[in-house]
Amino acid sequence: MRDAGFRRAKWSIAALFCFLGLQYATWAARLPALKARLDLGAGEVGLLLMACGAGAAASFPLVAHLMRKVGSRRLSLASALCLTALLAALSVVPDYPLALLVVCADGVAVGCLNVAMNAQGAALEAAHGRTAMSQLHATFSAGLLAAALLASGVTALTPSVPAHFAVAAALLLLLLAAARRGLLPHPDPGPGTPDRKRSRLARPAGRTLLMGCAMAFGTITEGAMNDWSTLYLKDVVRASSTVAPLGIAVVSAMMLLARVRADRWRDRWGDARVVRTGSAVAGLGLALALAAGGVLPTLLGFACVGLGAAAVTPCVYVAAAGRGPDALSLVAAMGTTGLLAGPALIGFVAGAGGLTLGMATVAASALTVTLAAAWIPWRERVAAPAR
């Protein structure tokens with residue numbers, strides 16, 4: 001019976017992770033169509049993307065308050081409904097200023113759902129004494145993939161963005177219905193926030209800031225690989241136009257496969273060892289690939305990044321959730337900031353010293369996680385039942 005309750009809650013929370021991946025990647029996949037309909041330039045598209053990230057990063061005070069006020073279950077359901085409505089609004093928005101407003105609101109809702117669903121995942125592990133967070137993050141990656149396939153399929157039938165987003169919204173509502181029944185009901189504010197009536201945010205502790213730094217550098221590593229791997233293969237390694245896009249594919253595939261297996265690694269070796277070893281593999285593997293040069297060493301180095309970085313963010317979310325909703329909200333916001341600022345930082349470094357130096361900065365970011373991990377209070381390893 002206990003196993004049945006664990007599985008039910010796990011699949012419900014997984015539906016939220018899949019929901020977020022599907023929602024975000026759906027509108028991101030149609031950026032060219034939105035750009036053409038609103039007659040936007042490249043700078044305006046960049047600002048549109050920046051508005052989403054800024055909304056998510058700035059949502060920290062609101063999310064922390066709502067987590068204490070209503071709990072992770074109600075916040076996740078409410079923010080998911082808002083994201084569905086915002087996707088529909090984006091499909092018919094008439095002008096650029098309104099598009100900026102919608103996308104910024106989307107970022108705030110993403111920030112809310114991101115914290116709430118990770119709080120649910122951490123509560124699931126605590127309640128059942130079993131690891132699940134890495135597999136939950138794998139379903140987020142599955143949502144990204146599903147959105148890409150849906151975009152390809154729908155656009156083959158019709159170029160209509162409203163039609164595409166209507167289909168996506170229907171799928172989102174199905175995922176939300178699947179999630180609703182099994183989410184953990186208690187609005188537990190967490191051990192780090194015993195006074196649920198306080199109105200001010202606590203001053204973050206040093207270890208919470210270390211978690212935020214680990215999350216930020218971890219997301220810098222992930223985001224930069226997505227944005228710069230193809231360009232590095234093409235311009236520095238001189239890979240063909242056919243081979244260059246494989247950089248993203250290698251990183252994404254390895255990350256998805258590793259996240260499916262990472263909870264077993266966490267059971268066996270503990271979160272601290274998984275994060276330290278994984279981030280070291282990512283940083284050193286990429287550094288060696290940059291030094292060796294060539295297409296095959298580069299792809300192997302990228303595979304090391306996907307493999308090593310896969311469990312970093314799930315483990316940091318669990319550690320932050322153990323310190324309460326304020327800590328979780330701050331760490332999530334710092335992760336979003338890293339994801340937003342990372343590619344731009346790499347671009348600045350590459351402009352000053354070349355793309356190889358920019359990718360070396362990515363390797364340094366991964367190794368920084370290894371250093372920060374030594375001082376973070378990680379989830380204790382527990383004896384888990386057979387899966």
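The values are calculated or read from the model by the stated rules, or taken from the named source; none is laboratory data. What you see is a predicted model; the values in this text were computed from it and never measured. FYI the Cβ positions are ideal-geometry reconstructions off the backbone, even for glycines, and counts take in every protein chain you see. In case anyone asks, the SASA skips ligands and DNA or RNA and just uses the protein heavy atoms, side chains included. Shrake-Rupley method; radii C 1.70, N 1.55, O 1.52, S 1.80 Å.
Take PRO32 and decide whether it is modelled with pLDDT under 85, in a helix (DSSP H, G or I) and surrounded by fewer than 20 Cβ atoms within 10 Å (Cβ to Cβ).
yes
Candidates are the residues of the stretch 91-101 that are open to solvent by 10 Å² or more (accessible area, probe 1.4 Å) and of a type in the set (A, V, I, L, M); the one that is nearest to ALA169 (Cα to Cα) is VAL92. Within the stretch 275-291, the set of residues being within 8 Å of ALA363 (Cβ to Cβ) and of a type in the set (Gly, Ala, Ser) comprises ALA282, GLY283, ALA287. Among the conditions (1) out of contact with any Lys or Arg (no Cβ under 9 Å at 6 or more places or on another chain); (2) closer than 27 Å to LEU171 by Cβ, LEU77 misses just one, which is (1). Of the numbered criteria (1) closer than 26 Å to ASP326 by Cα; (2) under 22 Å from the mean Cα position of the chain (by Cα); (3) not basic (Lys, Arg), the one LEU87 fails is (1).
Here PHE60 fulfils each of the conditions (1) aromatic (Phe, Trp, Tyr); (2) closer than 20 Å to LEU174 by Cβ; (3) at pLDDT below 90 apart from (2). Scanning the stretch 146-165 turns up at least one residue that is under 30 Å from ASP271 (Cα atoms), assigned to a helix (DSSP H, G or I), modelled with pLDDT under 90 and out of contact with any Pro (no Cβ under 7 Å at 6 or more places or on another chain). Does TRP27 satisfy being of a type outside the set (Val, Ile, Thr), assigned to a helix (DSSP H, G or I) and surrounded by 20 or more Cβ atoms within 10 Å (Cβ to Cβ)? So TRP27 passes the test.
Looking at CYS82, CYS104, CYS112, just one residue is open to solvent by 60 Å² or more (accessible area, probe 1.4 Å) and in contact with a helix residue (DSSP H, G or I) (Cβ under 8 Å, 6 or more places away or on another chain), and that residue is CYS82. Restricting GLY121, GLY129 to residues that are of a type outside the set (A, V, I, L, M), crowded, with 16+ Cβ neighbours inside 10 Å and either within 28 Å of ARG68 (Cβ to Cβ) or in contact with an Asp or Glu (Cβ under 6 Å, 6 or more places away or on another chain) (or both) narrows the list to GLY121. Just so you know, in the stretch 334-369 the residues that are among the hydroxyl-bearing types (Ser, Thr, Tyr) and open to solvent by 40 Å² or more (accessible area, probe 1.4 Å) include one that is nearest to ARG238 (Cα to Cα), and it is THR356. Go through the residues of the stretch 350-360 one by one and say whether even a single one is closer than 26 Å to ALA64 by Cα, touching a residue at least 24 places away in the same chain (Cβ under 8 Å), out of contact with any Asp or Glu (no Cβ under 8 Å at 6 or more places or on another chain) and part of a helix (DSSP H, G or I). The answer is no, given that none of the residues of the stretch 350-360 is closer than 26 Å to ALA64 by Cα, touching a residue at least 24 places away in the same chain (Cβ under 8 Å), out of contact with any Asp or Glu (no Cβ under 8 Å at 6 or more places or on another chain) and part of a helix (DSSP H, G or I).
Quick one: in the stretch 189-247, of everything that is acidic (Asp, Glu) and modelled with pLDDT under 80, which residue is surrounded by the fewest Cβ atoms within 10 Å (Cβ to Cβ)? Spell out how you get there, then give the answer.
At the first step, the residues of the stretch 189-247 found to be acidic (Asp, Glu) are 195, 222, 227, 235.
If we keep only those that are modelled with pLDDT under 80 too, we end up with 195, 227.
Details: ASP195: 9, ASP227: 15.
If we take residues in the stretch 189-247 being acidic (Asp, Glu) and modelled with pLDDT under 80, then ASP195 is surrounded by the fewest Cβ atoms within 10 Å (Cβ to Cβ).
When LEU183, LEU173 are checked against the criterion of being open to solvent by less than 100 Å² (accessible area, probe 1.4 Å) and either in a loop (DSSP other than H, G, I, E, B) or modelled with pLDDT under 95 (or both), LEU183 stands alone in meeting it.
Collect the residues in the stretch 296-314 that are more than 19 Å from the chain's Cα centre (by Cα) and either within 22 Å of TRP378 (Cα to Cα) or among the aromatic types (Phe, Trp, Tyr) (or both), keeping them in residue-number order.
Those that are more than 19 Å from the chain's Cα centre (by Cα) and either within 22 Å of TRP378 (Cα to Cα) or among the aromatic types (Phe, Trp, Tyr) (or both): none in the stretch 296-314.
A search for C-beta distances below 6 Å between a residue of the stretch 368-383 that is under 15 Å from ALA280 (Cβ atoms) and any residue that is modelled with pLDDT of 95 or more and polar (S, T, N, Q), counting only pairs 6+ apart in sequence or on different chains, returns VAL369/SER279; THR370/SER279.
Screening GLY322, GLY293, GLY285 for residues that are over 27 Å from LEU355 (Cα atoms), surrounded by fewer than 24 Cβ atoms within 10 Å (Cβ to Cβ) and out of contact with any strand residue (DSSP E or B) (no Cβ under 8 Å at 6 or more places or on another chain) leaves exactly one candidate, GLY322. LEU40 falls short on exactly one of the conditions (1) part of a helix (DSSP H, G or I); (2) surrounded by fewer than 22 Cβ atoms within 10 Å (Cβ to Cβ); (3) hydrophobic (A, V, I, L, M, F, W, C), and that condition is (1). Residue count for the stretch 261-312 under the criterion of being over 24 Å from THR131 (Cβ atoms) and among the hydrophobic types (A, V, I, L, M, F, W, C): the result is 13. For the stretch 209-236, a residue qualifies if it is over 13 Å from the mean Cα position of the chain (by Cα) and over 15 Å from THR337 (Cβ atoms), and the qualifying residues are LEU210, MET225, ASP227, TRP228, SER229, THR230, LEU231, TYR232, LEU233, LYS234, ASP235, VAL236.
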